[in-house]
């Protein structure tokens, strides 16, 4: 793998063909999610059934 460029702030994960998630590069285990119609950083420890769907973005 090539090293990530300095301007990369999030790592792209594609668990399926039609969905992606974004993990914070500087804080591994923290993902961008949607909460109350706002983007929010959600730690992996909070990724229960309620939040796990909120970090997935459809392509």
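FYI, it's all coordinate maths here, none of it is from the lab. The structure displayed is predicted, hence computed values, not measured ones. In this analysis, Cβ positions are derived from the backbone assuming ideal geometry, glycine residues included, and neighbour counts consider all displayed protein chains.
List of remarks:
- Relative contact order (%) - criterion: Cα under 8 Å, at least six apart; region: the chain: 28 percent
- Ordering of 39-46, 10-17, 26-33 by packing [mean C-beta count within 10 Å, highest first]: 26-33, 39-46, 10-17
- Taking 0.36 nm per residue of sequence separation and removing the Cα-Cα distance, the residue 48/residue 9 pair yields an extension gain of 11.6 nm.
- Listed values (1) -0.34, -0.39, -0.63, -0.83; (2) -0.61, -0.64, -0.76, -0.84; (3) -0.30, -0.35, -0.56, -0.75, entry calculated as log10 I(q)/I(0) by the Debye sum over Cα atoms at q = 0.13, 0.14, 0.18, 0.21 Å⁻¹: (1)
- Ellipticity estimate at 222 nm from DSSP helix runs (n ≥ 4, -39,500 (n - 2.57)) divided over the chain, nearest 500: -1000 deg cm²/dmol
- Between residue 56 and residue 23, full extension at 0.36 nm per residue minus the direct alpha carbon distance yields a gain of 10.8 nm.
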